[in-house]
Amino acid sequence: MVERKNSEISILKEIAELLNEGTEINRVLTEVLAKLLHITGLETGWIFLIDELGSYQLAAKAELPPALSLNKYEPMCHGGCWCVDRYNDGRLNKATNIFECKRIEDAIINNSGETNGLTHHATVPLRAGDEKFGVLNVGSPNKTHFKVEELALLEAIAFQIGTAIKRIKLTQQEHDLALAAERNRLARDLHDSVNQLLFSLSLTARAGAEMSDTDQVKETFAYIQDLAQEAQGEMRALIWQLRPRGLENGIICALAGYSEMLGLPLETEVSGVSSLPGKVEETLWRIGQEALANCKKHAQAEKVELKLEIKNELVTMTINDDGCGFNFNPNKEIPSLGLKSMKTRAAALGGKLELLSKMDEGTSIIVTIPV
């Protein structure tokens, strides 16, 4: 008994040390799952993170059998299963001894590949206080029963994992708040210093042009005034990028305000949208900014259409302009840094960006992000 208790304490200590070092959720979960299997002698495991809407993602996996690893783990990323169903309807509140694995059962029925003798797994909810984050599943070939003490240990480890997830989420929120505060500070500084200097330069150039006696000097001052006003416009756009006024009222309101600031007529259409996660909304805002700025600078567009739609757990933002367009080959590399940045932002959230353009026929940018 004493030896078993000491072993459990040692296991919990090793897991705690690993969790305490992590700052990125998926990486931490992958490492702690590998450690858990190694020190418990279990062979297979996976972790689903489940959001408030009941949607799940495969956040970590270890030694999954071939039948569950097909097509980049497609059987683990789609469809329902009993452990997720019980989690979502509130029946899964503690370590449970045993679920027959529906995904394995489906693989056997469909003759999808080797299951390596895996038929059952224990399922444990990941929690921190009243918050739930997902489930931990572990098993071994031909193992159909977990002892009470095994479940108790798994539950203790699951609590550690849940607490670590909450800590990482809180740290990320703190980081995001600090980043927003720094952006606001930079925006204020730019507005109060550089923007005011450019305004003063524009006024001085106009006064110089009015007081000059020669046409050549007048033209020089007029040119300086034009440059100062153009720089002011660029500065206003930069300040908007740092501190988007109106984003608290939704992405459409923010982009409409930005378009108005650019002097760009914008028509909007919204379908099926109520509210969006903060990360998704900010990503759409940044992509929309870049697209509208391109419409103003390069496309010489007279009208822009913005459509936003949520359907089948995807948000799609489409921006169409009636500008000059350009010849774009989708099989070649994206031609500009701004467009590359837009594509990277969408991909960072598991989304994609599609660009359609032809000379003299305008340009369409279609962004799709899962929510």
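The values are calculated or read from the model by the stated rules, or taken from the named source; none is laboratory data. Quick caveat: nothing in here was measured; it's all calculated off a predicted structure. A quick note on method: Cβ atoms are made from the backbone with ideal geometry, for glycine too, and the neighbour counts reach across all protein chains shown. The area values use the complete protein model at the heavy-atom level, side chains included, leaving out ligands, DNA and RNA. Shrake-Rupley method; radii C 1.70, N 1.55, O 1.52, S 1.80 Å.
If I model a spin label at His298 and Met261 as a point 7 Å from the Cα along the Cα→Cβ vector, what separation in nanometres do I get?
Roughly 2.1 nm, to one decimal.
Ranked from the most accessible area to the least, with a 1.4 Å probe and all protein chains present, what is the order of Phe133, Phe159? Let's see the in-between values first.
Details: Phe133 15, Phe159 80 Å².
Most to least solvent-accessible, the answer reads Phe159, Phe133.
Give the angle, between 0 and 90 degrees and rounded to the nearest 10, that separates the Cα long axis of helix 66-77 from the longest principal axis of the Cα atoms of the chain.
Approximately 40 degrees, to the nearest 10.
Could you give the angle, 0 to 90 degrees to the nearest 10, between helix 215-242's Cα long axis and the longest principal axis of the Cα atoms of the chain?
Roughly 20 degrees between the two axes.
Given the options Glu282, Glu52, Glu150, which has the most mean-square fluctuation in a GNM of the chain, springs set between C-alpha atoms less than 10 angstrom apart?
Ranking Glu282, Glu52, Glu150 by mean-square fluctuation puts Glu52 first.
Determine how large the accessible area of Leu337 is when every protein chain is in place; take a 1.4 Å probe and give Å² rounded to the nearest 10.
It works out to around 140 Å².
Where in the stretch 31-124 are there trypsin sites (Lys or Arg not before Pro) that are in a DSSP coil and have at most 16 other Cβ atoms within 10 angstrom of their Cβ? Numbers along the way, then the final one.
Working: sites: Lys35, Lys61, Lys72, Arg86, Arg91, Lys94, Lys102, Arg103; in loops: Arg91, Lys94.
Sites meeting the loop and neighbour criteria: Arg91, Lys94.
Calculate how steeply helix 2-21 sits against the longest principal axis of the alpha-carbon atoms of the chain, using the helix alpha-carbon long axis, and give the answer as 0 to 90 degrees to the nearest 10.
Here the helix axis deviates by roughly 10 degrees.
Taking 8 Å as the Cα distance limit and 6 or more residues as the minimum spacing, I'd like the relative contact order of the chain as a percentage.
Numbers: 557 pairs, mean separation 34.7, N = 371.
Over the chain, the number comes to 9 percent.
Give me the extension gain from Asp89 to Gln173: residue separation times 0.36 nm, minus the current Cα-Cα distance, reported in nm with one decimal. Spell out each step's value before the answer.
On the way: separation 84, 0.36 × 84 = 30.24 nm, distance 2.80 nm.
The Asp89-Gln173 span can extend by a further 27.4 nm.
Starting from 0.36 nm per residue, how many nanometres of slack lie between Glu354 and Val194 once their C-alpha separation is accounted for?
Values: separation 160, 0.36 × 160 = 57.60 nm, distance 3.65 nm.
Computed gain between Glu354 and Val194 is 54.0 nm.
Of Lys61/Lys169; Lys166/Lys279; Lys307/Lys352, which pairs sit farther than 19 Å apart, going by alpha carbon to alpha carbon? Walk me through the numbers before you get to the answer.
On the way: Lys61/Lys169 21 Å; Lys166/Lys279 17 Å; Lys307/Lys352 16 Å.
Flagged as over cut-off: Lys61/Lys169.
Using the basic label-point model (7 angstrom from Cα toward the beta carbon), what is the Asp226 to Ala34 distance in nanometres?
Once both label points are built, they end up 6.1 nm from each other.
Ranked by accessible surface with a 1.4 Å probe, highest first, in what order do Tyr56, Tyr223, Tyr73, Tyr87 come? Walk me through the numbers before you get to the answer.
Working: Tyr56 50, Tyr223 140, Tyr73 75, Tyr87 15 Å².
Solvent-accessible surface, decreasing: Tyr223, Tyr73, Tyr56, Tyr87.
At 1.4 Å probe size, put Ile165, Ile98 in order of accessible surface, largest to smallest.
On the way: Ile165 5, Ile98 30 Å².
Per-residue accessible area, sorted high to low, gives Ile98, Ile165.
Given the whole protein assembly as supplied and a 1.4 Å probe, what does the accessible area of Cys77 come to in Å², nearest 10?
My reading of the accessible area for Cys77 is about 60 Å².
Under a Cβ-only charge scheme (Lys and Arg +1, Asp and Glu -1), can you give me the dipole magnitude of the stretch 24-67 about the Cα centre, in debye to the nearest 20?
Details: 3 positive and 6 negative charges, 25 e Å.
It works out to roughly 120 debye.
Just order 23-33, 313-323, 201-211 by mean Cβ neighbour count inside 10 Å, highest at the front, would you? Show your work: numbers first, answer last.
Numbers: 23-33: 17.6, 313-323: 19.8, 201-211: 14.7.
Averaged packing, sorted descending, gives the order 313-323, 23-33, 201-211.
Let me cross-check Ile39: its accessible surface, 1.4 Å probe, with only protein heavy atoms counted, in Å² to the nearest 10?
That residue has around 40 Å² of solvent-accessible surface.
Under a point spin-label approximation (7 Å from Cα along Cα-to-Cβ), what is the Glu361-Lys307 distance to one decimal in nm?
1.7 nm
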